[in-house]
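The values are calculated or read from the model by the stated rules, or taken from the named source; none is laboratory data. Note that this is a predicted model, so its numbers are computed, not measured. Cβ sites come from the backbone with ideal geometry, for glycine too, and all protein chains shown count toward neighbours.
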Amino acid sequence: MSASKPTKRSDNSLGALVLFSGGQDSTVCLAHALSRYAHVETVGFDYGQRHSVELECRARLLKEFADVFPDWAGKLGPDHMLDITGFGQIAETSLTGKSEIVMLDNGLPSTFVPGRNLVFFTYAAALAYRRDLPVLVGGMCETDYSGYPDCRNETLQAMERALQLGTEKDFQIDTPLMWLSKAETWALADRLGGQPLVDLIIEHSHTCYRGDHETRHDWGYGCGDCPACELRAKGYREWQASL
């Protein structure tokens with residue numbers, strides 16, 4: 001679901017920039033964008049993550065997309081990697097440092113990186129402005145999520161308006177997962193790309209906060225007990241039970 005009013009132009013005439021981390025949600029968003037928009041590019045961010053696994057996974061995923069889905073390969077344009085490690089230094093959390101993953105007194109997990117999505121969209125919009133890509137696609141969700149305030153639809157509606165005002169460009173933020181549970185996200189992947197996309201997510205995407213890409217589960221790789229793994233596993237099992 002988009003965080004904005006529908007564009008007056010048809011989707012199949014637009015170019016899109018996908019915020020692509022190499023995780024499950026951004027992988028489904030990439031498939032969504034390739035099924036909907038005329039031209040799709042991707043952007044990733046090195047913000048000083050505590051591990052580089054997701055950055056390594058995203059390169060493999062992009063190659064797999066081109067190989068497994070030849071009909072989409074012609075739409076898939078350049079990938080852009082942006083170095084914003086300075087941001088990670090001022091927003092040190094369990095995702096950018098070595099501290100343990102715990103719940104904080106404010107009710108948020110210690111993995112919350114303050115302002116991360118706002119920074120991501122600002123950088124993405126600057127890149128999209130130059131690349132003439134009016135749609136920014138992100139995997140933010142406020143249904144099954146860790147409570148991050150910068151994943152909420154209200155936040156992204158405000159961000160979209162700020163980008164439009166600040167650039168004089170009619171940017172649209174498209175968040176197809178906003179109102180989906182994790183089980184529904186797995187189902188969407190199946191609808192978009194069938195078993196090949198589901199298999200690609202299981203084998204090549206990375207979500208685990210601890211960077212474990214060696215321990216294999218039916219839902220993919222991960223430690224199995226961090227909040228990201230728990231959400232992913234729960235969603236996968238609910239989706240499987242519904243089939």
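Considering the range 167-203, and only residues there that are in contact (Cβ under 8 Å) with a residue 12 or more places away in the chain and of a type in the set (Gly, Ala, Ser), the residue that is nearest to residue 68 (Cα to Cα) turns out to be 193. Restricting attention to the range 178-194, does a residue exist that is under 20 Å from residue 42 (Cα atoms), of a type outside the set (D, E, K, R) and outside any helix (DSSP H, G or I)? For the range 178-194, residues under 20 Å from residue 42 (Cα atoms), of a type outside the set (D, E, K, R) and outside any helix (DSSP H, G or I): present.
Is it the case, given these coordinates, that residue 155 is of a type in the set (S, T, N, Q), more than 22 Å from residue 31 (Cα to Cα) and in a helix (DSSP H, G or I)? It is true that residue 155 is of a type in the set (S, T, N, Q), more than 22 Å from residue 31 (Cα to Cα) and in a helix (DSSP H, G or I).
Of all residues in the range 158-175, count the ones that are outside any helix (DSSP H, G or I), surrounded by 18 or more Cβ atoms within 10 Å (Cβ to Cβ) and over 17 Å from the mean Cα position of the chain (by Cα). Within the range 158-175, residues that are outside any helix (DSSP H, G or I), surrounded by 18 or more Cβ atoms within 10 Å (Cβ to Cβ) and over 17 Å from the mean Cα position of the chain (by Cα) number 1.
Within the range 209-228, residues that are on the phi < 0 side of the Ramachandran plot sit with their Cβ atoms under 6 Å from residues that are surrounded by 18 or more Cβ atoms within 10 Å (Cβ to Cβ) and of a type in the set (Phe, Trp, Tyr), at 6+ positions apart or across chains, in these pairs: 213/221; 219/236; 226/209; 228/209. Can we say residue 50 is modelled with pLDDT under 95 and assigned to a helix (DSSP H, G or I)? In short, no. For the range 181-240, residues that are buried (at least 21 other Cβ atoms within 10 Å of the Cβ), more than 16 Å from the chain's Cα centre (by Cα) and among the β-branched types (Val, Ile, Thr) total 0.
Restricting attention to the range 3-23 and to residues that are at pLDDT below 95 and under 22 Å from residue 183 (Cα atoms), the residue that is surrounded by the most Cβ atoms within 10 Å (Cβ to Cβ) turns out to be 21. So, of the residues in the range 172-209 that are in contact with a helix residue (DSSP H, G or I) (Cβ under 8 Å, 6 or more places away or on another chain) and charged (D, E, K, R), which turns out to be nearest to residue 133 (Cα to Cα)? Among those residues, the one meeting the criterion is 174. Residue pairs whose Cβ atoms lie under 6 Å apart, separated by 6 or more positions or on different chains, with the first residue in the range 24-36 and assigned to a helix (DSSP H, G or I) and the second among the polar types (S, T, N, Q), are 24/205; 24/207; 27/205; 28/185.
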